[in-house]
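The values are calculated or read from the model by the stated rules, or taken from the named source; none is laboratory data. Being a predicted model, the structure only gives us computed values, none of them experimental. Neighbour counts run over all protein chains shown; Cβ positions are idealised from the backbone, glycine included.
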Amino acid sequence: MSNTAVPIRFAYDPDSAEMRFMQKHVFGQWRSLTEMFGIAVMLFVLYILVKIAMREYGDFFAALHPALVDIAPLVFWAGIVLGLAAAYLCGLLVERIHETITESDDETSLYNKGPIEVVLDPEGIHTTSENMAQFVKWASVKKVITTPQGIGLRLDRSHFIPVIDVELPKGTTRTDVMAAVERWRGDAA
């Protein structure tokens, strides 16, 4: 695509797998490699602490019952795993309760169903579907996030407009869209 002033038109399905995966990336719900490395280091440190505790207090457990020396590390690790599982499940429960309180079925069924057509142009972002029409100025796009599925134009903490690679018109690449979006956002500033 040579001219970035030409509007970019595409449509996406809000119920598609690409959209769901993109949403997780845009709102930071995927674990980064740094976080995974941090978790691995934490588990390694806990392993060392268990070894030190067993060396220091192994005689205490042996005095209670000789078999306790063998199962004490198992009990410790089981407690850690169950504690992490309980924390994760509590987090899911709180998130589901929050979603139930803040969302209504009427909004979801009207606003976010069916294909949504998107036009990116120098003025902003135009989105239309069977039940809604929306215009967003480029100044309202707070962040442009690159994901494996495409580009997420983040508006606030809970709203974004996806630019999914597979939905782009023939001959238009992600690089073309990024260049156009950055130019238009710069012009709007």
**OP:** Would you confirm whether any residue within the range 103-110 is at pLDDT 85 or above and either outside any helix (DSSP H, G or I) or in contact with a Phe, Trp or Tyr (Cβ under 6 Å, 6 or more places away or on another chain) (or both)?
**Re:** no
Original post:
Would the range 137-157 turn up any residue that is assigned to a strand (DSSP E or B) and over 22 Å from the mean Cα position of the chain (by Cα)?
Top reply: yes
